[in-house]
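The values are calculated or read from the model by the stated rules, or taken from the named source; none is laboratory data. Please read all numbers here as calculations on a predicted model, not as lab measurements. Positions of Cβ are backbone-derived with ideal geometry, glycine not excepted, and every protein chain shown enters the neighbour counts.
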Amino acid sequence: MTGKYLFKSCLTFCLFTIAFFITACASSNTKSSKEFKFAQEEEDFVPKGPVSFNITYEFHSIPAFCKEKSFSKPKGKYVYFGDFPQTKKKAGIVINEEIYINRGRYTYYAGSDGNWYAKCLENAFEPERYQYAYSDGTRVKGRNENNYRYFKVEPIKWRVLNDIGANGQTKAVLLAENILIENMVWYDYDDIDRFIETEDERKFEQIYPNNYKHSKVRAYLNGLAYLVTKKKGQPVELNQEFENSGFLQTAFDQYAQDLILISEITNDEESSKPAEYTEKYFNKTNYYLIDEVLYDKLFLLSQREASSAEFGFAPHKVFDKDSKNKFFSRGKNASDFALANYVYAGDSPGNRNECGWYLRTPIYRDKDYVFDASDIGSVGHQGVDSEYESILPALAIPVDVIKGER
């Protein structure tokens with residue numbers, strides 16, 4: 001009798017456990033598939049009568065202070081400098097593709113509102129899993145829907161990181177305030193080292209995937225070629241995809257490029273540890289650091305810079321939700337153009353303000369990983385080929401070239 005009841009008890013427990021598991025899974029699936037209520041798409045129409053295309057937009061070749069409030073910190077100092085496609089075209093604006101200009105990687109077409117527009121095939125990040133919305137609340141469509149949109153070229157907003165009012169400050173260090181750039185990995189091939197010849201023909205230099213000097217992202221930012229090895233054992237190839245057509249050449253005309261200072265970029269021991277650390281980071285040796293100084297106009301922040309109180313950031317493990325009142329947020333908004341170009345912007349339906357971004361610092365324990373400012377604001381790490389990270393450029397300009405009141 002005891003065995004019979006024991007069997008029935010075990011059977012009941014197993015059935016209860018299975019039922020609970022099924023219910024939990026169903027509940028989880030219901031939650032993940034919750035539909036976001038998108039705004040109704042406005043019907044695009046062609047105005048009656050002739051349409052004029054008198055371009056009045058002026059490119060922002062000269063940096064100027066702006067007083068607009070910001071997502072990351074309302075009281076910070078901000079500058080408009082350079083131009084990039086950002087906001088989705090409004091209904092009723094007619095585009096004339098016969099009137100165009102070329103800027104770096106993009107071609108801009110004339111709009112009937114006097115602005116320039118970039119044409120883009122929508123490519124939402126995993127649309128079957130995430131539900132992203134443009135700034136007007138409408139849905140970002142997936143690549144397989146084969147839908148083209150136009151995005152208005154607008155001034156780039158930069159956050160001034162350093163205290164330019166302090167004595168002796170002659171340059172302003174600027175960080176893009178929003179995610180502008182299409183999804184781009186740090187380097188295409190993880191776990192594949194590159195070997196290049198040295199002056200000694202008998203020796204080769206080993207280039208790890210997380211080497212910033214030879215990274216895809218550095219090449220894109222500055223318009224450079226970079227070295228690629230697609231499979232282990234294959235020779236190194238020179239990829240010239242971005243040569244003279246990177247972010248630098250797309251966002252800035254020649255006059256603006258000449259205003260940007262050449263910065264000394266390091267990936268040494270000092271730049272690799274969080275700003276609050278005075279000793280070696282975690283008492284570990286980082287074998288992927290390099291002592292060589294790079295000289296670039298555009299760059300990614302280091303782990304130290306992204307956790308520096310001098311630049312207005314919280315310590316590296318402090319989340320945005322705990323620091324927004326006092327520090328700059330590390331989490332970033334994505335522009336409409338970025339969302340249309342496969343940028344990940346968090347898990348929440350309709351979201352656009354949980355973008356993580358790469359830092360230039362390799363982590364100490366893995367050649368395929370680098371540090372990042374995560375989508376929730378702390379400093380973490382991601383793989384060099386991760387599609388969940390974004391690119392956030394930084395640069396420096398002389399303080400005295402910035403126009404307007406501070």
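Do the conditions hold for Tyr369, that is, is it surrounded by fewer than 22 Cβ atoms within 10 Å (Cβ to Cβ), modelled with pLDDT of 90 or more, under 17 Å from the mean Cα position of the chain (by Cα) and not polar (S, T, N, Q)? Yes, satisfied.
Picking from residues in segment 176-204 that are touching a residue at least 24 places away in the same chain (Cβ under 8 Å) and charged (D, E, K, R), the one that is nearest to Lys119 (Cα to Cα) is Glu182.
Figure legend. Inter-residue proximity from segment 151-170: first residues among the acidic types (Asp, Glu), second residues surrounded by 20 or more Cβ atoms within 10 Å (Cβ to Cβ), beta-carbon distance below 7 Å, spacing 6+ or different chains. Indicated pairs: Glu154/Asp83; Glu154/Gln86. I'm trying to understand the selection: among the residues of segment 73-119, which are assigned to a loop (DSSP other than H, G, I, E, B) and either within 18 Å of Ala176 (Cβ to Cβ) or touching a strand residue (DSSP E or B) at 6+ places or on another chain (Cβ under 6 Å) (or both)? Matches in segment 73-119: Lys73, Pro74, Gly76, Lys77, Lys89, Ile93, Gly104, Arg105, Asn115.
Just to verify a result, which residue in segment 374-392, among those that are at pLDDT below 90 and either aliphatic (A, V, I, L, M) or over 24 Å from Leu339 (Cβ atoms) (or both), is surrounded by the fewest Cβ atoms within 10 Å (Cβ to Cβ)? This residue is Ile376.
For beta carbons closer than 7 Å, sequence separation of 6+ or different chains, a first residue in segment 93-105 that is among the acidic types (Asp, Glu) and a second that is part of a strand (DSSP E or B) and modelled with pLDDT of 95 or more, the qualifying pairs are Glu97/Tyr109.
Testing Ala110 on (1) more than 30 Å from Ala219 (Cβ to Cβ); (2) surrounded by fewer than 16 Cβ atoms within 10 Å (Cβ to Cβ); (3) of a type outside the set (D, E, K, R), one condition comes back false. Which one is that? Unmet for Ala110, out of (1) more than 30 Å from Ala219 (Cβ to Cβ); (2) surrounded by fewer than 16 Cβ atoms within 10 Å (Cβ to Cβ); (3) of a type outside the set (D, E, K, R): (2). Ser374 - would you say it is out of contact with any Lys or Arg (no Cβ under 7 Å at 6 or more places or on another chain) and within 19 Å of Gly142 (Cα to Cα)? No, not satisfied. Can you confirm whether segment 76-83 contains a residue that is crowded, with 19+ Cβ neighbours inside 10 Å, in contact with a helix residue (DSSP H, G or I) (Cβ under 9 Å, 6 or more places away or on another chain), touching a residue at least 12 places away in the same chain (Cβ under 8 Å) and on the phi < 0 side of the Ramachandran plot? Yes, segment 76-83 has at least one match.
Would you confirm whether or not segment 315-324 contains a residue that is at pLDDT 85 or above, assigned to a loop (DSSP other than H, G, I, E, B) and either touching a Gly at 6+ places or on another chain (Cβ under 7 Å) or among the small types (Gly, Ala, Ser) (or both)? No - not one qualifying residue is present in segment 315-324. Taken together, the criteria exclude Val173 from residues that are at negative phi and in contact with a Ser or Thr (Cβ under 7 Å, 6 or more places away or on another chain). In the set Val140, Val173, only one residue is touching a residue at least 40 places away in the same chain (Cβ under 8 Å), in contact with an Asp or Glu (Cβ under 7 Å, 6 or more places away or on another chain) and aliphatic (A, V, I, L, M); that residue is Val140.
Residue-wise test of (1) in contact with a helix residue (DSSP H, G or I) (Cβ under 6 Å, 6 or more places away or on another chain); (2) at pLDDT below 90; (3) at positive phi.
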position: Tyr187; (1), (2), (3): yes, no, no
position: Ile196; (1), (2), (3): no, yes, no
position: Arg202; (1), (2), (3): no, yes, no
position: Gln206; (1), (2), (3): no, yes, no
position: Pro209; (1), (2), (3): no, no, no
position: His214; (1), (2), (3): no, no, no
position: Leu221; (1), (2), (3): yes, no, no
position: Leu224; (1), (2), (3): no, no, no
position: Lys232; (1), (2), (3): no, yes, no
